[in-house]
Amino acid sequence: MRIRLYSNGRELPVSPFIGKFIGNVCPAVAASLKGPRPEKRLRYELEGDSIRIQVDGVSVPLDKSQGFAETISRDTLLGMIRHLKGVDQSGLICIEVELEGNS
């Protein structure tokens with residue numbers, strides 16, 4: 001599994017422990033939403049109060065009428081990475097996950 005983390009367009013180093021942690025959480029978040037099951041790639045974009053999710057290149061719409069799925073997904077991902085060196089929560093954060101066995 002390959003994990004890439006960006007803050008304001010700058011790639012940040014990811015230790016093996018953090019990579020494994022992110023690699024377990026990100027697919028679980030995507031699998032919990034109403035959308036396609038991740039097979040190859042996940043991409044999360046967090047900016048301000050918004051989150052955009054792509055599973056294998058397909059955008060996953062979040063139901064804005066209730067807002068809970070968007071809020072819990074965003075808060076879970078931000079909580080996981082917010083204390084990492086170089087992460088600027090006020091800017092654009094991207095998390096990319098390439099799942100094992102797929103290149």
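None of the figures in this text is laboratory data; all of them are computed from the coordinates on show. The structure presented is a predicted model; accordingly, all values stated were derived computationally and were not measured. So basically every Cβ, Gly included, is an ideal-geometry build from the backbone, and we count neighbours across all protein chains shown.
Quick rundown of the values:
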{"quantity": "Per-q log10 I(q)/I(0), segment 1-102, q = 0.10, 0.24 Å⁻¹ (Debye; single scatterer per alpha-carbon; no solvent)", "calculated": "-0.24, -1.45"}
{"quantity": "Total formal charge among the other residues, if their Cβ is under 13 angstrom from that of Val87, Lys/Arg +1 and Asp/Glu -1", "calculated": "0"}
{"quantity": "Chain lengthening between Glu98 and Met80 when straightened (0.36 nm per residue, less Cα-Cα)", "calculated": "4.7 nm"}
{"quantity": "Per-peptide average of other Cβ atoms within 10 Å, ordering 78-86, 26-34 highest first", "calculated": "26-34, 78-86"}
{"quantity": "Extended-chain gain in nm, criterion 0.36 nm per residue less alpha-carbon gap, Arg37 and Asp63", "calculated": "7.6 nm"}
